[in-house]
1. Can you pull out every residue in the stretch 109-136 that is within 27 Å of the chain's Cα centre (by Cα) and surrounded by 15 or more Cβ atoms within 10 Å (Cβ to Cβ)?
2. Within the bounds of the stretch 209-227, is there any residue that is in contact with a His (Cβ under 9 Å, 6 or more places away or on another chain), assigned to a helix (DSSP H, G or I) and either outside the structural domain of residue 280 (by TED's automatic domain parsing) or away from ligand 2 (no atom under 16 Å from the Cβ) (or both)?
3. State yes or no: is residue 180 part of a loop (DSSP other than H, G, I, E, B) and in the same structural domain as residue 81 (by TED's automatic domain parsing)?
4. How do the strands (runs of 3 or more DSSP E) wholly within the stretch 6-84 filter down when requiring 3 or more residues that are away from ligand 2 (no atom under 13 Å from the Cβ) and over 23 Å from residue 193 (Cα atoms): which remain?
5. Looking at the stretch 307-320, which of its residues are farther than 30 Å from residue 264 by Cα and either of a type outside the set (Gly, Ala, Ser) or assigned to a strand (DSSP E or B) (or both)?
6. Give the number of residues within the stretch 323-337 that are surrounded by 13 or more Cβ atoms within 10 Å (Cβ to Cβ) and either part of a loop (DSSP other than H, G, I, E, B) or not polar (S, T, N, Q) (or both).
7. Could you please find all residues in the stretch 168-198 being away from ligand 2 (no atom under 16 Å from the Cβ), acidic (Asp, Glu) and open to solvent by 40 Å² or more (accessible area, probe 1.4 Å)?
8. Collect the residues in the stretch 15-48 that are at positive phi and open to solvent by 60 Å² or more (accessible area, probe 1.4 Å), keeping them in residue-number order.
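The values are calculated or read from the model by the stated rules, or taken from the named source; none is laboratory data. Computed from a predicted model, the values in this text were never measured in an experiment. Please note: Cβ atoms are built from the backbone with ideal geometry, for glycine as well, and neighbour counts cover all protein chains shown. To get the accessible areas, we keep the full protein, side chains included, count just its heavy atoms, and leave off ligands, DNA and RNA. Shrake-Rupley method; radii C 1.70, N 1.55, O 1.52, S 1.80 Å.
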Amino acid sequence: MSDSLQVTDLVAGYSKTPVLDGISFSIQPGEFVALLGPSGCGKTTLLQVLAGFLKPASGSLVTNTTDITNLPPEHRNMAMVFQSYALWPHMTVFQNIAYALKLRKKSQAEIEQKVSEVLELVNLTGYEHRPVTGLSGGQRQRIALARALAVEPSILLLDEPLSNLDARVRASVRHEIKSLQKKLGFTAIMVTHDQEEAMSMADKVIILNQGKIEQAGSPESLYCSPASAFVADFMGAENKLTGTVYHKQDKDWLKLDHCDAPLPVPYTSASSYEGRVDVYFRSNEVSLAPEANTADQGFPAEAIVLQRSYMGQGYRHSIKLGDATCIVDHDKALDEQSLVQINLPPEALHIYPARENSAIAG
Ligand SMILES: Nc1ncnc2c1ncn2[C@@H]1O[C@H](COP(=O)(O)OP(=O)(O)O)[C@@H](O)[C@H]1O
Ligand SMILES: [Mg+2]
């Protein structure tokens, strides 16, 4: 009960707003794909096109070997779970789930059987006759999930299904969606703007930026090798420094603006250009020390601790490095206003041509 999906050169939008600009990707049967991107980049629009609620201006959609580009939603073997649940408030749980089955002309006995089956799947057996207005957010989203599963979709589309739930409920519904997908085997495309959620649930992550795919790949490949500054930032490498890459003695060197020593650039991606660069890194991939530590390999620099907060596992420090402010984690608390040594290992640095064309510094 799962289909592949091939999306080719999709262009779509609303009358005066072009949104999707040449989207192509493919999904294997049974794969779990997370669609990640900032608000307004076109995630919901893409799901609407996949589901058949919005007609694309051009491009094609193929599931297995069937071209579905012009099929109406009810002939697509897909179901959608919406961010806001979209349950009918005047109907009971049973009526909400049964609705699409009635449209599909199922018998009363089949409908009853199916409703109790999907309620069991989402751990809400016995809730048939409750009004949906009396349910909690987590229960409503489970009912919305059950309703989608009742039509036995081979591709399930989920539009930020967890974003209206509080943290604890979110974790349990997240787990439930993932285990249902494993158990039933459907192909899933889930929109989220939460990097951690995307990484923990998906086989493949697609990052969307202003209607275009910025990068697609396994969670590991996006995390370790973000192809652009946008992806690096989105995948948690939120600290940004600036520097210069230059060639000398057959090597590429990176000179960070706030560190004295240049180091060879370990990245082949960096070696194709010279000049000003933006350098991104994660708060937990560099080290801090109260004083200079020559044992560490990497870029050393002096910094001042501005602020610190307790994270349960260690401390998070806001530090000032020249005119840049960075967030760095350390297992011990370092005093605010104290001078510390930061060490930036080359492998933690993601380097891209500078976005602003600032002057080359020596
Ligand atoms: N029904 C609509 N009519 C006109 N413009 C819309 C409509 N829905 C969304 N948009 C616009 O399309 C762009 C993409 O929106 P959307 O796909 O909802 O983004 P996301 O889900 O990534 O936040 C936005 O600029 C939004 O304002
Ligand atoms: Mg949206």
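1. Within the stretch 109-136, 121, 122 qualify.
2. no
3. No.
4. 58-63
5. Passing the criteria: 307, 308, 309, 310, 311, 313, 315.
6. 8
7. The one that is away from ligand 2 (no atom under 16 Å from the Cβ), acidic (Asp, Glu) and open to solvent by 40 Å² or more (accessible area, probe 1.4 Å): 196.
8. 40 - this is the single residue of the stretch 15-48 that is at positive phi and open to solvent by 60 Å² or more (accessible area, probe 1.4 Å).
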